[in-house]
Amino acid sequence: MSQDFLALLPEIVLITTAIAILFVNNRRFSWAGFLAVLALLVALFFNSFFPRTGLFFQRGLAVDRFAVAGRFFVYLLATLVVLSSIDYFRSLKKESLFYSLMLFSLVGASLLLSVNQLILIIIALELMTIPTYSLVAFSGKKQSQEGAFKYLVMGLVFLGLMIFGFSYLSIGQFFTQTPSLASLLFLGFAFFLSGLSFKATIFPFHFW
């Protein structure tokens with residue numbers, strides 16, 4: 001079990017930092033951006049020099065070279081984003097909230113590179129996208145709030161499609177003697193792929 005958690009050490013660092021920053025979101029915390037950068041650098045260090053590859057959590061998590069490389073680029077890009085935004089968000093009162101939401105979303109993106117089961121894909125996707133609902137409306141403008149509401153509604157609709165498709169695929173997996181197995185699997189795959197395409201903004205779902 002300890003090896004399982006060691007495989008998630010970069011994500012544990014990020015989510016711990018996100019929670020710590022979130023506790024100070026009601027007051028001025030000018031070091032939130034630098035703390036987020038520090039957490040990202042620590043996650044990069046563990047991911048690059050102490051990667052844990054293999055199957056973990058009863059084969060629910062598969063960490064391979066692709067996952068390690070993907071984490072590296074995700075963490076590196078996030079570090080550049082945070083560094084480029086420190087001066088801008090320093091003038092706002094919601095600086096810590098922004099970096100906390102960003103780190104939570106980053107944890108979902110990082111887990112998405114390693115999950116090995118359909119239900120875990122849904123959980124990782126939601127962990128990645130739920131903070132973005134708030135980030136869309138972060139400026140407080142009417143247009144951004146309207147966009148965030150539309151994004152939330154459509155996100156919930158396509159989440160329902162993903163869960164619906166997952167249930168069909170699960171039925172097809174455990175009840176192989178079902179007469180309409182082919183059509184059941186096709187519907188399940190179509191629903192799941194539709195929800196996944198929206199979450200990943202794949203054509204034509206990027207028009208939201």
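Listing for the model above:
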{"read-out": "Any hit, region 82-95, residues being among the hydrophobic types (A, V, I, L, M, F, W, C) and either under 22 Å from E126 (Cβ atoms) or within 20 Å of the chain's Cα centre (by Cα) (or both)", "value": "yes"}
{"read-out": "Options F57, F89: the member that is surrounded by 15 or more Cβ atoms within 10 Å (Cβ to Cβ), more than 25 Å from A32 (Cβ to Cβ) and in contact with an Asp or Glu (Cβ under 7 Å, 6 or more places away or on another chain)", "value": "F57"}
{"read-out": "Helices (runs of 4 or more DSSP H) wholly inside region 3-117 that include at least 1 residues being among the aromatic types (F, W, Y) and over 30 Å from G165 (Cβ atoms)", "value": "32-49, 65-89, 95-112"}
{"read-out": "Candidates Q117, Q145, filtered to the one that is touching a Gly at 6+ places or on another chain (Cβ under 6 Å) and not small (G, A, S)", "value": "Q117"}
{"read-out": "Unmet requirement for A20, which otherwise passes all of (1) closer than 28 Å to N116 by Cβ; (2) at pLDDT 85 or above", "value": "(1)"}
{"read-out": "Residue that is over 23 Å from T53 (Cα atoms), free of Cβ contacts under 8 Å to residues at least 24 places away in the same chain and among the acidic types (D, E), where the choices are E126, E146", "value": "E146"}
{"read-out": "Extreme residue, nearest to L101 (Cα to Cα), among residues of region 117-131 that are of a type outside the set (A, V, I, L, M, F, W, C) and buried (at least 17 other Cβ atoms within 10 Å of the Cβ)", "value": "P131"}
{"read-out": "Pair list, Cβ under 8 Å, 6 or more apart: region 30-58 residue on the phi > 0 side of the Ramachandran plot, other residue of a type in the set (A, V, I, L, M) and part of a helix (DSSP H, G or I)", "value": "G54/A7"}
{"read-out": "Number of the condition not met by P51 [criteria: (1) more than 21 Å from the chain's Cα centre (by Cα); (2) at pLDDT below 85]", "value": "(1)"}
{"read-out": "Residues located in region 67-85, provided they are crowded, with 17+ Cβ neighbours inside 10 Å and either without any contact (Cβ under 8 Å) to a residue 60 or more places away in the chain or within 17 Å of F23 (Cα to Cα) (or both)", "value": "A67, V68, G70, V74, A78, T79, V82"}
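Yes or no, residue by residue, for (1) farther than 17 Å from L120 by Cα; (2) modelled with pLDDT of 85 or more; (3) surrounded by 14 or more Cβ atoms within 10 Å (Cβ to Cβ):
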| residue | (1), (2), (3) |
| --- | --- |
| Y133 | yes, yes, yes |
| L152 | yes, yes, yes |
| Y168 | no, no, yes |
| A182 | yes, no, no |
| F186 | yes, no, no |
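The values are calculated or read from the model by the stated rules, or taken from the named source; none is laboratory data. Because the structure is a prediction, the values reported are computed rather than measured. Note: ideal-geometry Cβ built from the backbone for every residue, glycine included; neighbour counts use all protein chains shown.
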